[in-house]
Amino acid sequence: MKVVKLLVLFNLLAFSAWSVEASAEEKQVRLHSGQNISIEVKQLPADMNRFAGGAYSFTYPDAVRGIYVTGNSAGGSKYQDLVQLIESTELNAMVIDIKDDRGNLTYLPDESKPYAKAGMNLIKNPEKLLKDMEKREIYPIARVVVFKDSYLADMKPEWSFKEGNSVWKNGRGEAFVNPFLKEVWDYNIDIAIEAAKMGFEEIQFDYVRFPEGFETRDDELKYSVGDYGDKAVDNVQHRVNAVTDFVAYAKEQLEPYDVKVSVDIFGYSATLPEAPGIGQNFSKISEHVDVISSMIYPSHWTSYFGIAKPDLEPYKLVKEYAKLENKKLDELKTPPVSRPWIQDFTATWLGSGNYIPYGKKEVEDQIRALNEEGIDEFLLWNAGNRYTPGVDYTP
(Lines give C-alpha, C1' and ligand atoms only; values in the text may rest on other atoms or scores of the structure.)
Protein backbone atom coordinates (compact mmCIF):
# COMPACT_ATOMS: atom_id res chain seq x y z
CA MET A 1 0.00 0.00 0.00
CA LYS A 2 1.40 3.37 -1.05
CA VAL A 3 2.64 5.62 1.78
CA VAL A 4 3.30 9.31 1.14
CA LYS A 5 5.10 11.83 3.39
CA LEU A 6 3.38 15.18 3.69
CA LEU A 7 4.36 18.25 5.70
CA VAL A 8 1.33 20.15 6.91
CA LEU A 9 0.33 22.70 9.50
CA PHE A 10 -1.77 21.33 12.31
CA ASN A 11 -4.64 23.66 11.48
CA LEU A 12 -4.92 22.20 7.97
CA LEU A 13 -5.75 18.69 9.11
CA ALA A 14 -9.50 18.98 8.60
CA PHE A 15 -9.50 17.52 5.09
CA SER A 16 -12.99 16.31 4.36
CA ALA A 17 -12.34 12.72 3.33
CA TRP A 18 -9.92 11.58 6.03
CA SER A 19 -10.16 9.55 9.19
CA VAL A 20 -7.26 10.27 11.56
CA GLU A 21 -5.48 8.35 14.30
CA ALA A 22 -3.23 10.70 16.27
CA SER A 23 0.24 10.23 17.70
CA ALA A 24 2.61 12.79 19.17
CA GLU A 25 4.51 13.89 16.04
CA GLU A 26 2.90 12.02 13.19
CA LYS A 27 -0.58 11.06 12.09
CA GLN A 28 -1.48 7.99 10.11
CA VAL A 29 -4.37 8.92 7.88
CA ARG A 30 -6.54 6.36 6.14
CA LEU A 31 -8.45 7.64 3.18
CA HIS A 32 -11.85 6.12 2.60
CA SER A 33 -10.36 4.61 -0.56
CA GLY A 34 -8.08 2.55 1.70
CA GLN A 35 -4.86 4.42 0.92
CA ASN A 36 -2.68 5.25 3.92
CA ILE A 37 -0.91 8.61 4.18
CA SER A 38 1.68 9.38 6.84
CA ILE A 39 1.50 13.03 7.91
CA GLU A 40 4.21 14.85 9.83
CA VAL A 41 2.55 17.42 12.06
CA LYS A 42 3.92 20.85 12.92
CA GLN A 43 2.41 22.76 15.81
CA LEU A 44 1.38 26.35 15.14
CA PRO A 45 3.49 29.02 16.86
CA ALA A 46 1.98 29.93 20.21
CA ASP A 47 1.48 33.57 19.22
CA MET A 48 -0.54 32.78 16.09
CA ASN A 49 -4.33 32.80 16.04
CA ARG A 50 -5.82 29.32 15.81
CA PHE A 51 -7.34 30.43 12.48
CA ALA A 52 -8.40 33.59 10.70
CA GLY A 53 -11.45 35.04 12.44
CA GLY A 54 -10.89 33.41 15.84
CA ALA A 55 -10.11 36.72 17.48
CA TYR A 56 -12.51 36.57 20.42
CA SER A 57 -11.71 35.89 24.04
CA PHE A 58 -14.25 33.76 25.90
CA THR A 59 -13.79 32.12 29.27
CA TYR A 60 -15.49 28.85 30.13
CA PRO A 61 -17.93 29.64 32.97
CA ASP A 62 -17.77 28.10 36.44
CA ALA A 63 -20.59 25.90 35.12
CA VAL A 64 -22.50 26.37 31.86
CA ARG A 65 -26.11 27.40 32.49
CA GLY A 66 -27.54 28.08 29.08
CA ILE A 67 -30.62 28.72 26.98
CA TYR A 68 -31.60 27.64 23.48
CA VAL A 69 -31.74 30.51 20.95
CA THR A 70 -33.16 30.27 17.42
CA GLY A 71 -31.61 32.07 14.48
CA ASN A 72 -34.60 34.41 14.43
CA SER A 73 -34.03 35.33 18.06
CA ALA A 74 -30.26 35.67 17.74
CA GLY A 75 -30.57 37.94 14.72
CA GLY A 76 -33.65 39.87 15.78
CA SER A 77 -34.99 42.13 18.48
CA LYS A 78 -35.61 39.22 20.85
CA TYR A 79 -31.87 38.89 21.33
CA GLN A 80 -31.90 41.92 23.63
CA ASP A 81 -34.63 40.36 25.79
CA LEU A 82 -32.59 37.18 26.13
CA VAL A 83 -29.46 39.16 26.96
CA GLN A 84 -31.39 40.96 29.68
CA LEU A 85 -32.53 37.59 31.07
CA ILE A 86 -28.95 36.33 31.19
CA GLU A 87 -27.50 39.48 32.70
CA SER A 88 -30.14 39.59 35.43
CA THR A 89 -29.75 35.93 36.46
CA GLU A 90 -27.13 33.23 36.95
CA LEU A 91 -27.46 32.15 33.30
CA ASN A 92 -24.29 32.54 31.22
CA ALA A 93 -24.55 30.77 27.86
CA MET A 94 -26.50 30.62 24.62
CA VAL A 95 -26.94 27.62 22.31
CA ILE A 96 -27.57 29.30 18.96
CA ASP A 97 -28.91 27.59 15.85
CA ILE A 98 -26.33 27.69 13.06
CA LYS A 99 -27.91 24.80 11.15
CA ASP A 100 -31.51 24.25 12.14
CA ASP A 101 -33.99 21.37 12.18
CA ARG A 102 -34.90 21.82 8.50
CA GLY A 103 -31.27 21.88 7.40
CA ASN A 104 -31.25 25.64 6.84
CA LEU A 105 -28.28 27.73 7.87
CA THR A 106 -29.21 30.78 9.91
CA TYR A 107 -26.64 33.02 8.20
CA LEU A 108 -25.52 33.56 4.59
CA PRO A 109 -22.35 31.58 3.88
CA ASP A 110 -19.94 32.33 1.06
CA GLU A 111 -21.47 31.49 -2.32
CA SER A 112 -18.64 29.05 -3.03
CA LYS A 113 -19.74 26.74 -0.21
CA PRO A 114 -21.68 23.56 -1.11
CA TYR A 115 -24.34 24.57 1.43
CA ALA A 116 -24.59 28.21 0.28
CA LYS A 117 -28.18 27.89 -0.94
CA ALA A 118 -29.24 26.56 2.47
CA GLY A 119 -28.40 29.94 3.99
CA MET A 120 -31.05 32.24 5.44
CA ASN A 121 -30.30 35.85 6.36
CA LEU A 122 -31.45 35.55 9.98
CA ILE A 123 -28.15 36.30 11.73
CA LYS A 124 -27.09 39.12 9.44
CA ASN A 125 -23.80 39.84 11.16
CA PRO A 126 -22.34 36.86 13.07
CA GLU A 127 -19.20 38.85 13.90
CA LYS A 128 -21.23 41.61 15.56
CA LEU A 129 -23.24 39.01 17.48
CA LEU A 130 -20.13 37.27 18.82
CA LYS A 131 -18.45 40.56 19.69
CA ASP A 132 -21.50 41.49 21.75
CA MET A 133 -21.51 38.10 23.46
CA GLU A 134 -17.81 38.48 24.21
CA LYS A 135 -18.41 41.91 25.76
CA ARG A 136 -21.20 40.51 27.93
CA GLU A 137 -19.26 37.30 28.80
CA ILE A 138 -21.94 35.04 27.34
CA TYR A 139 -20.47 31.67 26.38
CA PRO A 140 -21.33 30.91 22.70
CA ILE A 141 -22.34 27.42 21.56
CA ALA A 142 -23.20 26.70 17.91
CA ARG A 143 -25.98 24.15 17.42
CA VAL A 144 -25.62 22.08 14.26
CA VAL A 145 -28.49 19.70 13.48
CA VAL A 146 -26.92 16.80 11.61
CA PHE A 147 -29.02 13.98 10.19
CA LYS A 148 -32.48 15.56 10.28
CA ASP A 149 -32.17 17.66 7.16
CA SER A 150 -35.07 18.16 4.75
CA TYR A 151 -33.08 20.65 2.67
CA LEU A 152 -30.17 18.32 1.95
CA ALA A 153 -32.48 15.34 1.43
CA ASP A 154 -34.31 17.29 -1.28
CA MET A 155 -31.08 18.46 -2.90
CA LYS A 156 -29.37 15.06 -2.69
CA PRO A 157 -32.03 12.31 -2.57
CA GLU A 158 -29.26 9.74 -3.00
CA TRP A 159 -27.93 10.83 0.41
CA SER A 160 -31.28 10.17 2.05
CA PHE A 161 -33.77 7.32 2.47
CA LYS A 162 -36.21 6.59 -0.32
CA GLU A 163 -39.69 5.12 -0.24
CA GLY A 164 -40.29 4.10 -3.82
CA ASN A 165 -38.90 6.93 -5.94
CA SER A 166 -39.50 9.65 -3.35
CA VAL A 167 -37.55 10.80 -0.30
CA TRP A 168 -39.08 9.20 2.79
CA LYS A 169 -40.52 11.60 5.38
CA ASN A 170 -41.77 10.98 8.88
CA GLY A 171 -45.26 11.78 10.14
CA ARG A 172 -44.29 15.43 10.65
CA GLY A 173 -43.12 15.79 7.06
CA GLU A 174 -39.43 15.79 8.01
CA ALA A 175 -36.71 14.06 6.01
CA PHE A 176 -33.43 12.63 7.25
CA VAL A 177 -30.11 12.12 5.53
CA ASN A 178 -28.13 8.92 5.76
CA PRO A 179 -25.66 8.49 8.69
CA PHE A 180 -23.90 5.70 6.78
CA LEU A 181 -22.50 8.14 4.21
CA LYS A 182 -19.19 9.95 4.70
CA GLU A 183 -20.36 12.63 2.25
CA VAL A 184 -23.10 13.55 4.73
CA TRP A 185 -20.57 13.59 7.57
CA ASP A 186 -18.24 15.95 5.70
CA TYR A 187 -21.05 18.29 4.67
CA ASN A 188 -21.99 18.81 8.33
CA ILE A 189 -18.45 18.95 9.64
CA ASP A 190 -17.60 21.66 7.12
CA ILE A 191 -20.46 23.74 8.55
CA ALA A 192 -19.20 23.05 12.07
CA ILE A 193 -15.69 24.17 11.09
CA GLU A 194 -17.14 27.37 9.68
CA ALA A 195 -18.92 27.99 12.99
CA ALA A 196 -15.62 27.46 14.79
CA LYS A 197 -13.94 29.94 12.47
CA MET A 198 -16.67 32.47 13.24
CA GLY A 199 -15.57 32.30 16.87
CA PHE A 200 -17.99 29.92 18.59
CA GLU A 201 -16.32 28.19 21.53
CA GLU A 202 -18.27 24.97 21.24
CA ILE A 203 -20.02 22.97 18.53
CA GLN A 204 -23.12 21.13 19.67
CA PHE A 205 -24.30 18.39 17.32
CA ASP A 206 -28.00 17.51 17.51
CA TYR A 207 -30.02 14.77 15.77
CA VAL A 208 -26.95 12.56 15.67
CA ARG A 209 -29.05 9.52 14.91
CA PHE A 210 -31.28 7.64 12.54
CA PRO A 211 -35.00 8.50 12.42
CA GLU A 212 -37.15 7.27 15.30
CA GLY A 213 -38.41 3.74 14.77
CA PHE A 214 -35.94 3.04 11.99
CA GLU A 215 -35.73 -0.60 13.03
CA THR A 216 -39.27 -1.09 11.69
CA ARG A 217 -38.43 0.21 8.23
CA ASP A 218 -34.74 -0.51 7.71
CA ASP A 219 -35.59 -3.32 5.28
CA GLU A 220 -38.31 -1.34 3.50
CA LEU A 221 -36.55 1.89 2.58
CA LYS A 222 -33.93 2.20 -0.13
CA TYR A 223 -30.59 3.62 0.95
CA SER A 224 -26.84 3.07 0.73
CA VAL A 225 -24.98 1.44 3.61
CA GLY A 226 -21.67 2.96 2.51
CA ASP A 227 -18.82 1.12 4.21
CA TYR A 228 -21.17 -0.60 6.66
CA GLY A 229 -22.22 -3.61 4.61
CA ASP A 230 -20.46 -6.37 6.56
CA LYS A 231 -23.01 -9.21 6.69
CA ALA A 232 -21.38 -10.57 9.86
CA VAL A 233 -22.64 -7.49 11.73
CA ASP A 234 -26.35 -7.00 12.37
CA ASN A 235 -28.21 -3.88 11.33
CA VAL A 236 -28.44 -2.53 14.89
CA GLN A 237 -24.66 -2.59 15.30
CA HIS A 238 -24.15 -1.05 11.88
CA ARG A 239 -26.32 1.87 12.95
CA VAL A 240 -24.56 2.21 16.30
CA ASN A 241 -21.17 2.06 14.57
CA ALA A 242 -22.14 4.69 11.99
CA VAL A 243 -23.40 7.17 14.59
CA THR A 244 -20.43 6.59 16.91
CA ASP A 245 -17.95 6.81 14.04
CA PHE A 246 -19.42 10.13 12.94
CA VAL A 247 -18.96 11.59 16.41
CA ALA A 248 -15.37 10.35 16.66
CA TYR A 249 -14.58 11.66 13.17
CA ALA A 250 -16.15 15.05 13.90
CA LYS A 251 -14.12 15.37 17.10
CA GLU A 252 -10.90 14.64 15.19
CA GLN A 253 -11.66 17.06 12.41
CA LEU A 254 -12.49 19.87 14.84
CA GLU A 255 -9.38 19.44 16.99
CA PRO A 256 -7.29 22.00 15.06
CA TYR A 257 -9.93 24.64 15.75
CA ASP A 258 -9.68 24.58 19.54
CA VAL A 259 -13.40 24.15 20.16
CA LYS A 260 -15.24 21.86 22.51
CA VAL A 261 -17.54 19.25 20.99
CA SER A 262 -20.87 18.30 22.52
CA VAL A 263 -23.66 15.97 21.42
CA ASP A 264 -27.35 15.95 22.26
CA ILE A 265 -28.73 12.49 22.96
CA PHE A 266 -32.07 10.99 23.98
CA GLY A 267 -32.24 10.54 27.74
CA TYR A 268 -33.58 7.04 27.44
CA SER A 269 -30.42 6.03 25.53
CA ALA A 270 -28.59 6.06 28.87
CA THR A 271 -31.07 3.55 30.28
CA LEU A 272 -30.36 0.94 27.56
CA PRO A 273 -27.24 -0.83 26.31
CA GLU A 274 -28.08 1.05 23.09
CA ALA A 275 -31.14 2.46 21.37
CA PRO A 276 -31.61 -0.09 18.56
CA GLY A 277 -33.51 1.96 16.00
CA ILE A 278 -31.75 5.31 16.14
CA GLY A 279 -28.23 3.97 16.64
CA GLN A 280 -27.34 5.88 19.81
CA ASN A 281 -25.10 4.21 22.37
CA PHE A 282 -24.71 6.59 25.31
CA SER A 283 -21.37 5.24 26.51
CA LYS A 284 -19.75 4.99 23.09
CA ILE A 285 -20.77 8.50 22.09
CA SER A 286 -19.65 9.85 25.48
CA GLU A 287 -16.14 8.53 24.86
CA HIS A 288 -15.68 10.95 21.96
CA VAL A 289 -17.07 14.26 23.22
CA ASP A 290 -16.20 16.96 25.71
CA VAL A 291 -19.82 17.38 26.80
CA ILE A 292 -22.82 15.04 26.69
CA SER A 293 -26.25 16.67 26.76
CA SER A 294 -29.05 14.23 27.45
CA MET A 295 -32.51 15.54 26.67
CA ILE A 296 -34.31 14.65 29.88
CA TYR A 297 -37.51 16.69 29.61
CA PRO A 298 -39.98 14.99 31.97
CA SER A 299 -42.71 15.31 29.33
CA HIS A 300 -40.75 13.11 26.92
CA TRP A 301 -40.70 10.00 29.10
CA THR A 302 -43.23 7.23 29.33
CA SER A 303 -43.65 5.42 32.65
CA TYR A 304 -40.01 5.20 33.81
CA PHE A 305 -38.14 4.86 37.10
CA GLY A 306 -41.41 3.78 38.70
CA ILE A 307 -43.01 7.13 37.85
CA ALA A 308 -46.35 6.63 36.14
CA LYS A 309 -46.67 10.21 34.82
CA PRO A 310 -43.19 11.76 34.68
CA ASP A 311 -44.31 15.24 33.62
CA LEU A 312 -46.11 15.56 36.96
CA GLU A 313 -42.93 14.84 38.94
CA PRO A 314 -39.99 16.77 37.42
CA TYR A 315 -37.81 16.58 40.53
CA LYS A 316 -38.14 12.82 40.93
CA LEU A 317 -37.70 12.09 37.22
CA VAL A 318 -34.54 14.16 36.90
CA LYS A 319 -33.16 12.84 40.20
CA GLU A 320 -33.55 9.22 39.12
CA TYR A 321 -32.10 9.90 35.69
CA ALA A 322 -29.08 11.70 37.15
CA LYS A 323 -28.29 8.74 39.41
CA LEU A 324 -28.36 6.39 36.45
CA GLU A 325 -26.29 8.67 34.21
CA ASN A 326 -23.65 9.11 36.90
CA LYS A 327 -23.20 5.35 37.07
CA LYS A 328 -22.82 5.11 33.29
CA LEU A 329 -20.28 7.93 33.14
CA ASP A 330 -18.32 6.55 36.10
CA GLU A 331 -17.60 3.47 33.99
CA LEU A 332 -15.70 5.54 31.43
CA LYS A 333 -11.98 6.24 31.66
CA THR A 334 -12.35 9.91 30.69
CA PRO A 335 -16.03 10.86 31.06
CA PRO A 336 -17.30 14.05 29.45
CA VAL A 337 -19.01 16.88 31.29
CA SER A 338 -22.70 16.18 31.84
CA ARG A 339 -24.89 19.08 30.74
CA PRO A 340 -28.50 17.91 30.36
CA TRP A 341 -31.29 19.69 28.56
CA ILE A 342 -34.17 20.41 30.94
CA GLN A 343 -37.75 21.52 30.41
CA ASP A 344 -39.00 25.10 30.47
CA PHE A 345 -42.26 24.59 28.57
CA THR A 346 -45.69 23.15 29.29
CA ALA A 347 -46.56 19.88 27.52
CA THR A 348 -50.27 20.44 26.94
CA TRP A 349 -50.26 17.79 24.19
CA LEU A 350 -50.00 15.08 26.86
CA GLY A 351 -53.66 15.68 27.71
CA SER A 352 -55.52 16.49 30.88
CA GLY A 353 -54.13 14.78 33.97
CA ASN A 354 -50.82 13.94 32.30
CA TYR A 355 -49.11 17.33 32.46
CA ILE A 356 -48.74 20.32 34.72
CA PRO A 357 -47.96 23.94 33.87
CA TYR A 358 -44.19 24.46 34.08
CA GLY A 359 -43.00 27.60 35.81
CA LYS A 360 -40.51 28.74 38.43
CA LYS A 361 -40.95 25.76 40.79
CA GLU A 362 -40.79 23.08 38.10
CA VAL A 363 -37.65 24.53 36.52
CA GLU A 364 -35.96 24.94 39.91
CA ASP A 365 -36.94 21.40 40.90
CA GLN A 366 -35.09 20.00 37.88
CA ILE A 367 -32.00 22.08 38.60
CA ARG A 368 -32.06 21.09 42.27
CA ALA A 369 -32.30 17.41 41.37
CA LEU A 370 -29.25 17.72 39.11
CA ASN A 371 -27.27 19.67 41.70
CA GLU A 372 -27.97 17.12 44.41
CA GLU A 373 -26.43 14.45 42.18
CA GLY A 374 -23.34 16.53 41.45
CA ILE A 375 -24.40 17.83 38.01
CA ASP A 376 -23.91 21.60 37.92
CA GLU A 377 -24.43 22.32 34.22
CA PHE A 378 -27.69 22.42 32.31
CA LEU A 379 -29.44 23.88 29.26
CA LEU A 380 -33.01 25.17 29.14
CA TRP A 381 -35.21 24.28 26.19
CA ASN A 382 -38.13 26.34 25.04
CA ALA A 383 -38.71 26.18 21.27
CA GLY A 384 -40.06 29.73 21.20
CA ASN A 385 -37.32 31.06 23.50
CA ARG A 386 -39.89 32.18 26.08
CA TYR A 387 -38.23 31.43 29.40
CA THR A 388 -39.81 31.56 32.85
CA PRO A 389 -39.02 34.78 34.73
CA GLY A 390 -37.84 34.88 38.33
CA VAL A 391 -36.10 31.48 38.38
CA ASP A 392 -33.18 30.90 40.76
CA TYR A 393 -30.77 29.01 38.49
CA THR A 394 -28.45 28.00 41.33
CA PRO A 395 -30.88 26.69 43.98
In the list Phe210, Phe266, Phe205, Phe305, which residue meets the criterion of being modelled with pLDDT of 95 or more, aromatic (Phe, Trp, Tyr) and touching a Pro at 6+ places or on another chain (Cβ under 9 Å)?
Phe210
Can you name the number of the only condition in (1) more than 19 Å from the chain's Cα centre (by Cα); (2) at pLDDT 50 or above that Leu31 fails?
(2)
Of Ser294, Ser299, which residue is in a helix (DSSP H, G or I), buried (at least 17 other Cβ atoms within 10 Å of the Cβ) and in contact with a strand residue (DSSP E or B) (Cβ under 9 Å, 6 or more places away or on another chain)?
Ser299
If we ask which residues in region 75-89 are outside any loop (DSSP other than H, G, I, E, B), within 15 Å of Leu122 (Cβ to Cβ) and open to solvent by 10 Å² or more (accessible area, probe 1.4 Å), their number turns out to be 3
When region 305-343 is examined, which residues are found to be open to solvent by less than 50 Å² (accessible area, probe 1.4 Å) and more than 17 Å from Phe266 (Cα to Cα)?
Ile307, Leu332
Among residues of region 90-121, those that are of a type outside the set (Ser, Thr, Tyr), open to solvent by less than 70 Å² (accessible area, probe 1.4 Å) and on the phi < 0 side of the Ramachandran plot, counted:
19
Assess whether Val225 counts as being among the β-branched types (Val, Ile, Thr) and either at pLDDT below 95 or closer than 20 Å to Thr334 by Cβ (or both).
no
Would you mention how many residues in region 352-377 are over 12 Å from Leu312 (Cα atoms), part of a loop (DSSP other than H, G, I, E, B) and either free of Cβ contacts under 8 Å to residues at least 24 places away in the same chain or hydrophobic (A, V, I, L, M, F, W, C) (or both)?
1
Does region 257-266 contain at least one residue that is under 30 Å from Thr59 (Cβ atoms), in contact (Cβ under 8 Å) with a residue 60 or more places away in the chain, open to solvent by less than 20 Å² (accessible area, probe 1.4 Å) and more than 15 Å from the chain's Cα centre (by Cα)?
yes
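Looking only at region 170-206, count every residue that is at positive phi and surrounded by fewer than 19 Cβ atoms within 10 Å (Cβ to Cβ) and tell me the total.
So the first thing to find is which residues in region 170-206 are at positive phi, and the list is 173, 199.
Still in the list and also surrounded by fewer than 19 Cβ atoms within 10 Å (Cβ to Cβ): 173.
Matching residues across region 170-206 total 1.
Return yes when Asn241 is on the phi < 0 side of the Ramachandran plot and open to solvent by 40 Å² or more (accessible area, probe 1.4 Å) and no when it is not. Before you say what the answer is, go through the steps one by one.
Values: on the phi < 0 side of the Ramachandran plot: yes; open to solvent by 40 Å² or more (accessible area, probe 1.4 Å): yes.
When the stated conditions are applied, Asn241 passes them.
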Consider only pairs whose beta carbons are under 7 Å apart and that are at least six residues apart or on different chains; among these, list those whose first residue lies in region 167-186 and is touching a residue at least 60 places away in the same chain (Cβ under 8 Å) and outside any loop (DSSP other than H, G, I, E, B) and whose second residue is surrounded by fewer than 23 Cβ atoms within 10 Å (Cβ to Cβ) and among the hydroxyl-bearing types (Ser, Thr, Tyr).
Trp185/Tyr249; Asp186/Ser16
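The values are calculated or read from the model by the stated rules, or taken from the named source; none is laboratory data. Bear in mind the structure is a predicted one, so any value in this text is a computation, not a measurement. Glycine gets a Cβ as well: all are built from the backbone with ideal geometry, and neighbour counts include every protein chain shown. Remember, those area values only see protein heavy atoms, side chains included, never the ligands or the DNA or RNA. Shrake-Rupley method; radii C 1.70, N 1.55, O 1.52, S 1.80 Å.
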